Each structure stands twice: as structure tokens, then as C-alpha cells.
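Comments concern the structure below.
The values are calculated or read from the model by the stated rules, or taken from the named source; none is laboratory data. Just so we're clear, the structure is a prediction, and the values are computed from it rather than from any experiment. Cβ atoms come from the backbone with ideal geometry, glycine included; neighbour counts cover every protein chain shown. We work out accessible area using only protein heavy atoms, side chains counted, and drop any ligands, DNA or RNA first. Shrake-Rupley method; radii C 1.70, N 1.55, O 1.52, S 1.80 Å.
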Amino acid sequence: MAPPRKKRRPGEGHPVHLRFPTDVFEWIEAETKEKGWPLNRVIINEMAAIPYLKKQAKLGELIRDMEVILADYGSRLTLADLGEPMLRAVDQLLAAKTDSERQIQLDRLRVLRSAMLKNGRATKE
């Protein structure tokens, strides 16, 4: 039969034996020297910070996703802003009676279309 376990006082810690990789242990030692704290305190503080670091990482992901959404929305707005003048230019081209008027409206249509293509290439990059 196993010996009875000792009861812990409230707030008493649990002994844990860890084996750190060399690079992690060097980093912890550097922290202890820099702050002048005991090794246990540095490890405890770093472990306590992990939930907050995970939340910050999630926030970073959400911000990156929002940047993509805003860029996509901005390109759609630009295309919508160019779409209305494009339709006006088509209407004016169809309403033109002489060849010179048609040529002027056709040039205007080419300028608007090149702006739309330029915006589309910039969005893909």
C-alpha cells in the first residue's frame, strides 16, 4: 500500500522537473541575469504570459485578414467609381453622330478601360 500523500497548504506550488533544450535554457539564464530574478521566477512569469501571447497572435491574424478584406473592398470601390463613367462614355459613343465625335468618345473609353486594367493589375500584386 502506498504511503498517504501530504496535503498541500493553499497557494503552495507543485514541484515540477523540466529538461529544457540548450537554446531555451540560455535564453532563460540571460533573462535571470538581466532582471536579477531567480530562475523559477523567470520561468513562472514566462509561463503566465503564454495565454496573453496566444491572444495577441490571434489578434494579429485578425488584423491581417481585415487588411485583405479592406484592400479587396477598396479595389471594388475603385472599379465601381470607374464603371459609371465607363457607361456614360459608352452612351456618348453610341449617341455620337459624326466620325470625329465617335473618335473622341472612343479615346475617352480607351482611357477609362486602361485605368480599370491598371487598377486590376495593381490589385493582383
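Evaluating 6.51 cos²θ - 1.76 cosθ + 1.60 at θ = phi - 60° for every residue in segment 68-80, the Karplus couplings come out as 5, 5, 5, 5, 5, 4, x, 5, 5, 5, 5, 5, 5 Hz, glycine and proline recorded as x. Annotation: average projected area of segment 22-123 is 10.5 square nanometres, based on the convex hull of Cα atoms across all directions. The alpha carbon centroids of segment 25-60 and segment 95-121 are separated by 62 Å. Look at the alpha carbon pairs under 8 Å that are at least 6 residues apart: their mean separation over the length of the chain gives a relative contact order of 18 percent.
The lysines within cross-link reach of residue 54, meaning a Cα-to-Cα straight distance under 30 Å and a gap of 8 or more places when in the same chain, are 33, 35.
Rounded to the nearest 20 debye, the dipole magnitude of segment 22-123 is 440 debye, with +1 charges on Lys and Arg beta carbons, -1 on Asp and Glu beta carbons, and the Cα centre as origin. For the peptides 8-18, 61-71, the ranking by packing is 61-71, 8-18, with the highest mean count of neighbouring Cβ atoms within 10 Å listed first.
With the whole protein complex present, residue 54 retains an accessible surface near 140 Å², based on a 1.4 Å probe. Across segment 16-23, computed HN-Hα scalar couplings (Karplus, 6.51 cos²θ - 1.76 cosθ + 1.60, θ = phi - 60°) run 9, 10, 10, 10, 8, x, 4, 5 Hz from first to last residue, x flagging Gly and Pro.
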